[in-house]
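A quick write-up on the structure given underneath.
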Amino acid sequence: MSSAAKTPRAVDVLRRDRDAVIRLGVLGWPVAHSRSPAMHTAALARLGLDGWTYQRLPVPPELFAETVQALPAAGFVGANVTIPHKLAALHLADTATSTARAIGAANTLSFGSGGQIHADNTDAPGFLAALPWPVAGRTALVLGAGGSARAIVWALKDAGAADVAVWNRTAPRAERLADELGVRAVTGAISADLLVNCTSVGMAAAGDAFKELPLSVDAVRDFSCLVDLVYRDGDTALITAARERGVAAVDGLEILVRQGALSLEAWTGVPAPIDALREGARGTTPH
């Protein structure tokens, strides 16, 4: 793959055919829970792009490549990619950004007029944009060693974090990730400026969630900021614990908003309306 080709943008398609419906979507399996359609629909309305649509695209892994290759002919100019397709999305692309290649996964696809597929990863820069302060010179503990954790660890290191530690319930997975990205694996919680949960345990009740993690509820005080990539209706157990103890907290919906803004800007070529994206994601868009 080469990153030399210019990223195709939806505005170029729009100029060619102003009567065409411009389609966007999110590919996942499952994908029914995704807030991306509500989020992007709100943003497209705010931008006045009435001919644009954004939809869920539930696609099992065995049909992913075939489906993606058919999207340009169906009027799609871009798509977000979520679990479990991020690795496959990168391998399927004709071109990719250096960020996507370095992380080894893509969450944003853009389609050229000839059906070319361009891959990017906005998870990493979106995460950094959601933080209350720059991470350069700071320390971080990342919980988890899956695809999301990989993007977060890469983002932290690339942004100049002084120390990044990775913990996972299965220690060898943490060790492999640490070795590949040049950080360190730990077998328990350590003190750090930033705590990032990339596991799914945040969905559980407070007591149950912390039983699965290497720290207690009160240990949240040891961090200046807590980020939980999980999102749900209402705060997760980790976000609640942080806010009750006066610790800065960033939830998964804010991460979703920030990465979605970067995807939307890549497709449209215009600044994304952050407030509209946030209102759509959180279900507070005025009707």
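Please tell me if Gly269 is assigned by TED's automatic domain parsing to the domain that holds Leu156, of a type outside the set (Lys, Arg) and on the phi > 0 side of the Ramachandran plot. Judged against the criteria, Gly269 is not a match.
Provide a single number: the residues in the stretch 19-39 that are out of contact with any strand residue (DSSP E or B) (no Cβ under 8 Å at 6 or more places or on another chain) and either of a type in the set (A, V, I, L, M, F, W, C) or surrounded by 21 or more Cβ atoms within 10 Å (Cβ to Cβ) (or both).
Pass one, the stretch 19-39, residues out of contact with any strand residue (DSSP E or B) (no Cβ under 8 Å at 6 or more places or on another chain): 19-20, 33, 35, 38-39.
Narrowing further to those that are either of a type in the set (A, V, I, L, M, F, W, C) or surrounded by 21 or more Cβ atoms within 10 Å (Cβ to Cβ) (or both): 20, 38-39.
Number of matching residues: 3.
What do you reckon, is Gly160 on the phi > 0 side of the Ramachandran plot, out of contact with any Cys (no Cβ under 7 Å at 6 or more places or on another chain) and surrounded by fewer than 23 Cβ atoms within 10 Å (Cβ to Cβ)? Taking the combined requirement at face value, the residue satisfies it.
Taking the stretch 20-56, which residues are hydroxyl-bearing (Ser, Thr, Tyr) and under 25 Å from Ala88 (Cα atoms)? Break it down stepwise before answering.
Within the stretch 20-56, the subset hydroxyl-bearing (Ser, Thr, Tyr) is 34, 36, 41, 53-54.
Answer for the stretch 20-56, where residues must be hydroxyl-bearing (Ser, Thr, Tyr) and under 25 Å from Ala88 (Cα atoms): Ser34, Ser36, Thr53, Tyr54.
Within the stretch 33-44, residues that are closer than 14 Å to Leu262 by Cα sit with their Cβ atoms under 6 Å from residues that are of a type outside the set (A, V, I, L, M), at 6+ positions apart or across chains, in these pairs: Ser36/Asn80; Met39/Gly260; Met39/Gly280; His40/Tyr54; Ala43/Pro273; Leu44/Trp52.
Here is a yes/no grid of residues against (1) over 20 Å from the mean Cα position of the chain (by Cα); (2) not aromatic (Phe, Trp, Tyr):
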| residue | (1), (2) |
| --- | --- |
| Ala149 | no, yes |
| Trp154 | no, no |
| Arg169 | yes, yes |
| Val186 | yes, yes |
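Summed over the stretch 1-31, the residues that are at pLDDT 95 or above and small (Gly, Ala, Ser) give a count of 2.
Among the candidates Leu131, Leu71, Leu143, the residue that is under 25 Å from Ala281 (Cα atoms), touching a strand residue (DSSP E or B) at 6+ places or on another chain (Cβ under 9 Å) and crowded, with 24+ Cβ neighbours inside 10 Å is uniquely Leu143.
Given the criterion out of contact with any helix residue (DSSP H, G or I) (no Cβ under 6 Å at 6 or more places or on another chain) and more than 30 Å from Leu49 (Cβ to Cβ), identify the matching residue among Ala242, Ala248, Ala237, Ala266. Walk me through how you get there before you give the answer.
Details: Ala242 fails: out of contact with any helix residue (DSSP H, G or I) (no Cβ under 6 Å at 6 or more places or on another chain); Ala237 fails: out of contact with any helix residue (DSSP H, G or I) (no Cβ under 6 Å at 6 or more places or on another chain); Ala266 fails: more than 30 Å from Leu49 (Cβ to Cβ).
Selected residue: Ala248, the only one of Ala242, Ala248, Ala237, Ala266 that is out of contact with any helix residue (DSSP H, G or I) (no Cβ under 6 Å at 6 or more places or on another chain) and more than 30 Å from Leu49 (Cβ to Cβ).
The values are calculated or read from the model by the stated rules, or taken from the named source; none is laboratory data. Predicted model only: the values in this text are computed from it and were never measured. When we count neighbours, we look across all protein chains shown, and the Cβ atoms used for this are built from the backbone with ideal geometry, even at glycine.
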